[in-house]
There are 2 protein chains.
Amino acid sequence: MAVTMRDVARRAGVSAKTVSNVVNGYPYIKPETRDRVLAAIEELGYQMNATARSLRTGRTGIIGLALPELRVPYFAELAGAVIAAAEECGLTVIIEQHGGRRDLELEVLTGARRHLTDGLIYSPLALGTDDAASLLDLSYPLVLLGERVFHPDIDHVTMQNTAAARAATEHLLRAGRRRIVALGPNPTQDVGSAPLRLTGYREAHEAAGLAVDPVLVVPTIRTWDHATGARTVGRLLDDGVDFDAVFAFNDSLALGAMHEIQVRGLRVPDDVAVVGFDAIDEGRYSNPTLTTIDPGRTVIPREAVRLLDERRRGVAGGARRIAPDFQLVPGGSTGAPDRAAATAAVG
Amino acid sequence: MAVTMRDVARRAGVSAKTVSNVVNGYPYIKPETRDRVLAAIEELGYQMNATARSLRTGRTGIIGLALPELRVPYFAELAGAVIAAAEECGLTVIIEQHGGRRDLELEVLTGARRHLTDGLIYSPLALGTDDAASLLDLSYPLVLLGERVFHPDIDHVTMQNTAAARAATEHLLRAGRRRIVALGPNPTQDVGSAPLRLTGYREAHEAAGLAVDPVLVVPTIRTWDHATGARTVGRLLDDGVDFDAVFAFNDSLALGAMHEIQVRGLRVPDDVAVVGFDAIDEGRYSNPTLTTIDPGRTVIPREAVRLLDERRRGVAGGARRIAPDFQLVPGGSTGAPDRAAATAAVG
DNA sequence: GCTCGATGGTACATCGATGTAGAACGAGCC
DNA sequence: GGCTCGTTCTACATCGATGTACCATCGAGC
């Protein structure tokens, strides 16, 4: 039913292989022949059968993107940018949600979909250092995102977690806050973004000659979402813990915390200042707007796709590690003026 | 390199076709043979080559999902749910972002990716009634989302736009609001969600015996996002327009509007009540929380996948149209108490 | 006149699965 | 015994592209 290369070949009076050669830019073809073939393609409305090509070449032009959940804004923005970047390279993306469940995270690595893809951009949540081994004998290109697993032989796109967290904390200290909650560390996790950001938090205190009150280092058990942020800060308030600022380890936690603080009748930033991490869109229109860290939100997806595409095409050497520059984005939650929309930058 | 059916066949002492038959559940196989084959599969770690199967059968098990932008929370949540529903059916999803640009929306319909997919779930933004024709002679299953295009011969999953908008407006009228802004209609659009929701808004006024002040019907030119909501409401305030409520045609507009209203020193809901549409997660943790319409957020993605899968498998009859029940979700933005997290339902 | 290398093109096998046709065998029936 | 029918399995062609090998032509160089 669909038009094949044979049909085009017949129409142009050449062999199927010549049509293939034209389509793939093989150089030794008479201009006149090439024109005849292109004309035939045009006339018949030929479109290549990607499946057949994949079978023959062993490459599909599809890459996988494994992440916890698309409904989490940070990952939605990441996925959108990855798809756009992939488009630039002529690649198609399939997204797999593992929900941060360890079994699913491992299954993604070896599941049937890996046959469909040329490589994987992989953002695990539950995996730990022990699992690094399972990443090594994979037979396809892999690019890691985040800090959960690391291996010197695998391409990696990450963030300057410690330095950025330190900058965030210092921002609060400069504003005169002295009892800053660190919201997000998980005592059972020894690797990942959380401990690195906690280190930045401690470094800032140390550099300022201040001790960290352990009561203010508040673990979150569930995922870093609005509900967890609200619930956890709610518990602190219930317990009568005294604090004048919150450094949440991501924006969703921060926004949930900010919500709860205001529901309880406290003012942000007057009573409690809040800083997040990730610079998701939502924080630019919250009330007040959210001070946050932009960890390189435009660079990360672009680089991840670039690294994977280079591996896929076999033009890459040793493993690379990329950690883009970060930036503190001041917002109303730490006292920066919330600009009215009429004067706000378009984004 | 990879294990093929031939390898499995050799190991089990049968033909490749028999392996295929076992894998595909063909009934006439001796239990003992089946066991030998399954054992061989297990031992060799055989995984089917999906590409080869696709070439032969003409089906890929992949469906497309075309939407404006993943970074828009409504679409991120939709996409996440579609992927999860597809997983249930053993389907894989590729997402294509057309950004609401008409040329890209049309290109999605005929682009190269259609060869990769068994069908398309299609949520256009710029297309109009005139384009319905382009949807008809497509050679693959199509399920339409939204109201931009409609055709009686195509499966459709939509919302009860008019009834829901009427309910939202009546909610505001019941609360005593009399100058309600309708935020979102676009005068250049005669089809789509906007005019239907505007109709609901008008119906509510009519039923209450109230006239609609045309000044309060406020078009938005750009997309329905935070920035547009903030900017547009900002302009109303600059112009000194008198209003005591906003019915925004989606949640992002509503949240942007609510942000701007508060930046200007007005109180929500005391000075201005706000209602949105879509029931995205973000509105459950905004300050105050957002009153909104849940148009069937769990039903829509599930039904879309189901309809497409049925078409794909050829088990569907005539075109179907599904418009799930909607629900008003009360929030602080119209005066419902914002519950503290400690007592809030987990979500 | 002949070889050689650069061009321009073709025929055929192949990627790994599945559809088709049919072989081999035994049971049941007249 | 001969026939049909159901069961179990196999051989081969096929999906549509591309890699390999090879043929043909033409001009240059000796």
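The values are calculated or read from the model by the stated rules, or taken from the named source; none is laboratory data. None of these values were measured; they are calculated from a predicted model. Note that each Cβ is placed from the backbone with ideal geometry, even for glycine, and that neighbours are counted across all protein chains shown. Just the protein is used for accessible areas: all its heavy atoms, side chains included, with ligands, DNA and RNA removed. Shrake-Rupley method; radii C 1.70, N 1.55, O 1.52, S 1.80 Å.
Among the residues of region B:15-32, is any over 30 Å from A:Ser252 (Cβ atoms), more than 9 Å from DNA strand C (Cβ to nearest atom) and among the charged types (D, E, K, R)?
Yes, region B:15-32 contains at least one residue that is over 30 Å from A:Ser252 (Cβ atoms), more than 9 Å from DNA strand C (Cβ to nearest atom) and among the charged types (D, E, K, R).
Name every residue in region B:27-48 that is surrounded by fewer than 13 Cβ atoms within 10 Å (Cβ to Cβ), in a loop (DSSP other than H, G, I, E, B) and more than 8 Å from DNA strand D (Cβ to nearest atom), in order of residue number.
Pass one, region B:27-48, residues surrounded by fewer than 13 Cβ atoms within 10 Å (Cβ to Cβ): B:27-28, B:30-32, B:42-43, B:45.
When the remaining residues are screened for being in a loop (DSSP other than H, G, I, E, B), the result is B:27-28, B:30, B:45.
Across region B:27-48, the qualifying residue is only B:Gly45.
Name the residue that is farthest from the other protein chains (Cβ to nearest Cβ), counting only residues in region B:81-99 that are part of a helix (DSSP H, G or I) and open to solvent by 20 Å² or more (accessible area, probe 1.4 Å). Quick ask: steps written out before the conclusion?
Here is the first cut: in region B:81-99, the ones part of a helix (DSSP H, G or I) are B:81-88.
If we keep only those that are open to solvent by 20 Å² or more (accessible area, probe 1.4 Å) as well, we get B:81, B:84, B:87-88.
Numbers: B:Ala81: 8, B:Ala84: 7, B:Glu87: 8, B:Glu88: 13 Å.
So the residue we want is B:Glu88.
Of the residues that sit in region B:1-26 and are outside any helix (DSSP H, G or I) and under 39 Å from the mean Cα position of the chain (by Cα), which one is farthest from DNA strand D (Cβ to nearest atom)?
If we take residues in region B:1-26 being outside any helix (DSSP H, G or I) and under 39 Å from the mean Cα position of the chain (by Cα), then B:Ala2 is farthest from DNA strand D (Cβ to nearest atom).
Can you spot a residue in region B:59-67 that is crowded, with 17+ Cβ neighbours inside 10 Å, within 9 Å of chain A (Cβ to nearest Cβ) and within 16 Å of DNA strand D (Cβ to nearest atom)? Can you show your working first?
Filtering region B:59-67 down to residues crowded, with 17+ Cβ neighbours inside 10 Å leaves B:60-67.
Restricting the remaining residues to those that are within 9 Å of chain A (Cβ to nearest Cβ) gives B:60-62.
Filter again for within 16 Å of DNA strand D (Cβ to nearest atom), leaving B:60-61.
Scanning region B:59-67, I find at least one residue that is crowded, with 17+ Cβ neighbours inside 10 Å, within 9 Å of chain A (Cβ to nearest Cβ) and within 16 Å of DNA strand D (Cβ to nearest atom), so the answer is yes.
Are there any pairs with C-beta distances below 7 angstrom linking a residue in region A:292-304 that is among the basic types (Lys, Arg) to a residue that is in a loop (DSSP other than H, G, I, E, B) and open to solvent by less than 40 Å² (accessible area, probe 1.4 Å), with the two at least 6 apart or on different chains, and if so which?
Listed by first residue and then by second, the contacts come to A:Arg297/A:Ala279.
Filtering region B:120-137 down to residues that are open to solvent by 20 Å² or more (accessible area, probe 1.4 Å) and of a type in the set (D, E, K, R), which residue is farthest from the other protein chains (Cβ to nearest Cβ)? Let's see the steps before the verdict.
Going through region B:120-137, the residues open to solvent by 20 Å² or more (accessible area, probe 1.4 Å) turn out to be B:125-126, B:129-130, B:133-134, B:136-137.
So of that shortlist, the ones also of a type in the set (D, E, K, R) come out as B:130, B:137.
On the way: B:Asp130: 22, B:Asp137: 12 Å.
Of everything passing the filter in region B:120-137, B:Asp130 is farthest from the other protein chains (Cβ to nearest Cβ).
Could you look through region B:49-58, keep only residues that are in a helix (DSSP H, G or I) and more than 7 Å from chain A (Cβ to nearest Cβ), and pick out the one that is nearest to DNA strand D (Cβ to nearest atom)? So that I can check it myself, show each step before the final result.
Narrowing region B:49-58 to residues in a helix (DSSP H, G or I): B:50-57.
From the residues that got through so far, the ones that are more than 7 Å from chain A (Cβ to nearest Cβ) too are B:53, B:56-57.
Working: B:Arg53: 9, B:Arg56: 4, B:Thr57: 8 Å.
Here the answer is B:Arg56.
Conditions tested, residue by residue: (1) more than 8 Å from chain A (Cβ to nearest Cβ); (2) under 30 Å from A:Ala81 (Cβ atoms); (3) among the basic types (Lys, Arg).
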{"site": "B:Arg11", "(1), (2), (3)": "yes, no, yes"}
{"site": "B:Asn21", "(1), (2), (3)": "yes, no, no"}
{"site": "B:Ile29", "(1), (2), (3)": "yes, no, no"}
{"site": "B:Asp35", "(1), (2), (3)": "yes, no, no"}
{"site": "B:Leu78", "(1), (2), (3)": "yes, yes, no"}
{"site": "B:Asp118", "(1), (2), (3)": "yes, yes, no"}
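Taking the options B:Arg36, B:Arg11, name whichever one is more than 13 Å from DNA strand C (Cβ to nearest atom) and not assigned by TED's automatic domain parsing to the domain that holds B:Glu96. Walk me through how you get there before you give the answer.
Values: B:Arg11 fails: more than 13 Å from DNA strand C (Cβ to nearest atom).
After applying the criteria, what remains is B:Arg36.
If we keep just the residues of region A:149-182 that are open to solvent by 20 Å² or more (accessible area, probe 1.4 Å) and out of contact with any helix residue (DSSP H, G or I) (no Cβ under 8 Å at 6 or more places or on another chain), which is nearest to A:Leu78 (Cα to Cα)? Spell out how you get there, then give the answer.
Taking region A:149-182 and keeping what is open to solvent by 20 Å² or more (accessible area, probe 1.4 Å), we get A:150-153, A:159-160, A:162-163, A:166-167, A:170-171, A:174-179.
Filter once more, so that each one left must be out of contact with any helix residue (DSSP H, G or I) (no Cβ under 8 Å at 6 or more places or on another chain): A:152, A:160, A:174, A:176-178.
Numbers: A:Pro152: 24, A:Gln160: 17, A:Arg174: 31, A:Gly176: 34, A:Arg177: 32, A:Arg178: 34 Å.
The selected residue is A:Gln160.
Only helices (runs of 4 or more DSSP H) wholly contained in region B:131-246 count here; list those with 2 or more residues that are in contact with a Ser or Thr (Cβ under 7 Å, 6 or more places away or on another chain).
Values: elements: B:132-136, B:161-174, B:193-207, B:226-238.
The helices (runs of 4 or more DSSP H) meeting that bar are B:161-174, B:193-207, B:226-238.
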